[in-house]
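Peer 1: The structure's right below; bear with me while I get my questions together.
Every read-out reported here was derived from the displayed coordinates using simple, explicitly stated rules and does not represent laboratory data. Just so we're clear, the structure is a prediction, and the values are computed from it rather than from any experiment. A quick note on method: Cβ atoms are made from the backbone with ideal geometry, for glycine too, and the neighbour counts reach across all protein chains shown.
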Amino acid sequence: MTEKFQAVIVGSDISAYAFARELNDAYGIKPIIFSRFTQTVLIDSQIVTTYQADTSTDEKTIEELLFLGSRLKKEDPAQKLFLLANSDNLIVLLAHHRKDLEKYFIVPVPELDAIEKVADKESFDELATSVGMKVPGSFYVSFDKMTKEELMTQLPSADFVYPLIAKPANSSAYDLLRLNHGFKKVYVLDNESQLLQLWNDLFEAGFDDKFIVQKFVQGAETALYSITTYVDSKGDVTLLSSAHVLLQEHQPATLGIPCSMITTSYPMLFEQVQRFFAELKKQGFTYFGFANFDVKRDEETGEFYFFEVNPRIGRNHFYITGAGANPMEFLVSDIIENDPKKRVIASKKVLYTIIPKRLLLRYIDNPTMRKEIKALYRDGNVINPTLNENDKSLKRVIYQYLAMLKQIKKFRTFYPKLTKSGF
């Protein structure tokens, strides 16, 4: 029998709701949503308990978590508590304050040095190539202690042919800057002048970490893949699942986040992921928790390239549940029951989508893929975390309708028609 426990979910976006649904579906609990504001995805939800907290700074976030943890422990000393989060900066924050937080909570995130090792794209590339993963050609620029004049000389070699991809080497160091100054999550650069303008804008905004310029791997959005894993408290990979991306979001704040995917199993890639974590463990790093890999298949060569790994489960993690394995059951079995599950590959084929069917099909021009999507709809193998039969009310039905309309408007504004590159 599972011991009594409660989860505190830091955040209130669609991934937070998916966490809550997975826990509610499996254990019947109503997790606590810990956030400053309650987003519309949680409107009138009956499967969560909301806790409004001042999260305006990292210090206040930790203070509020410690206050809540103390209160919950006083109310029920026997109840186990654990934290969940799904943004790079929050994962780093929890890892950094692990010692204080563990007075009340189990903190299932990697150790800080392990996060730094895998989340920094330069060190990720080194580790990935050492275990046989292919990575795109990359050029790194460190803004730390560099003058503006020096920065303007930082250009990739001639074999980097435009268009090129530019993004932060460490997302957690960039998140607040992106939110406060309106920077994009990822940049597609068509020429050198655009690259130099980006360097100038980042410098003026006070960016002082590393940025990466990557060679473009040929292929549209449908050449992208997501791999999600759970690494248990012993350092063993016990859950593997993957999905083939059909379409990504295109508004600047969420550019590159998949909104439609088909779950698909790739044993060859799973083997590489297991070697990655085995090597990380061999090097003395303690990785514990979820991880999400971004992968792309080169449409010209057929080879798979690993772009990065995020030390968190990923915004679209409900696709794992659709594929047949609720990730919260792996976590709870490990940290609450002290009985880690044996390795499972979640491989049931489903369509994960948070946009209307007609909108999705508008951006799919491959006849075989269109046929597969229609078949999944016909057979009822379509999932959306917010369409929950156990959390239904008039307000939530209205929210769903408005959310779908909003998606149509966003695509009309930021991606009005399909392009070959997906940008």
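Peer 1: What does the charge count around Leu127 come to, taking other residues whose C-beta lies under 14 Å from its C-beta (Lys +1, Arg +1, Asp -1, Glu -1)?
Peer 2: The answer is -2.
Peer 1: How far apart, in nm, are two points set 7 Å out from the Cα along the Cα-to-Cβ line at Val186 and at Lys357?
Peer 2: Between Val186 and Lys357, the simple spin-label model gives 2.9 nm.
Peer 1: For the modelled label position 7 Å from the Cα of Thr264 along Cα-to-Cβ, which residues of the stretch 208-239 have backbone nitrogen atoms closer than 20 Å?
Peer 2: Output list for this probe position: 217-229.
Peer 1: While we're here: List, in order, the whole-Hz ³J(HN,Hα) value for each residue of the stretch 152-163 obtained from phi through the Karplus relation with A = 6.51, B = -1.76, C = 1.60 and θ = phi - 60°; use x for Gly and Pro.
Peer 2: After applying 6.51 cos²θ - 1.76 cosθ + 1.60, I find 6, 9, 7, 10, x, 5, 5, 7, 8, 9, 5, x Hz.
Peer 1: Quick one: putting +1 on the C-beta of Lys and Arg, -1 on the C-beta of Asp and Glu, what dipole do you get for the stretch 221-414 around its Cα centre, in Debye to the nearest 20?
Peer 2: Its charge dipole is roughly 900 debye.
Peer 1: For the cross-link pairs Lys349/Lys395; Lys184/Lys406; Lys281/Lys341; Lys134/Lys357, which exceed 24 Å when the distance is taken from alpha carbon to alpha carbon?
Peer 2: Beyond 24 Å between Cα atoms: Lys349/Lys395; Lys134/Lys357.
Peer 1: So what's the net charge close to Ala253: Lys and Arg +1, Asp and Glu -1, counting the other residues with Cβ under 9 Å from its Cβ?
Peer 2: +2
Peer 1: Which order, highest average first, do 308-316, 170-178 follow once you tally other Cβ atoms within 10 Å for each residue and take the mean per peptide?
Peer 2: Descending packing order for the listed peptides: 308-316, 170-178.
Peer 1: Here's another thing I want to ask about it. Please list, or write none, the lysines whose alpha carbon is within less than 23 Å of the alpha carbon of Lys145, excluding same-chain residues fewer than 8 places away.
Peer 2: Filter leaves Lys117, Lys121, Lys167, Lys210.
Peer 1: Shifting gears a bit: Arrange the peptides 216-226, 378-388, 364-374 so that the one whose residues have, on average, the most other Cβ atoms within 10 Å appears first.
Peer 2: Peptide ranking by packing, descending: 216-226, 378-388, 364-374.
Peer 1: Quickly estimate the mean residue ellipticity at 222 nm for the chain, helices only: each DSSP H run with n ≥ 4 gives -39500 (n - 2.57), and the total goes over all residues, rounded to 500.
Peer 2: Result for the chain, helices only: -11000 deg cm²/dmol.
Peer 1: From the Cα gyration tensor of the stretch 181-260, with a ≥ b ≥ c the square roots of its eigenvalues, which class applies: rounded if a/c is under 1.5, or else prolate if a/b is larger than b/c, or else oblate?
Peer 2: Prolate shape, in that a/c is at least 1.5 and a/b is the bigger ratio.
Peer 1: At what distance in nm do the modelled label points of Phe67 and Ala375 sit from each other, each positioned 7 Å from its Cα along Cα→Cβ?
Peer 2: 5.5
Peer 1: Just order 229-239, 261-271 by mean Cβ neighbour count inside 10 Å, highest at the front, would you?
Peer 2: Descending packing order for the listed peptides: 229-239, 261-271.
Peer 1: Let me ask something else about it. For Ala78 and Lys234, calculate 0.36 nm times their separation in residues minus their Cα-Cα distance, and state this gained length in nm to one decimal.
Peer 2: Going from the current span to full extension adds 53.7 nm.
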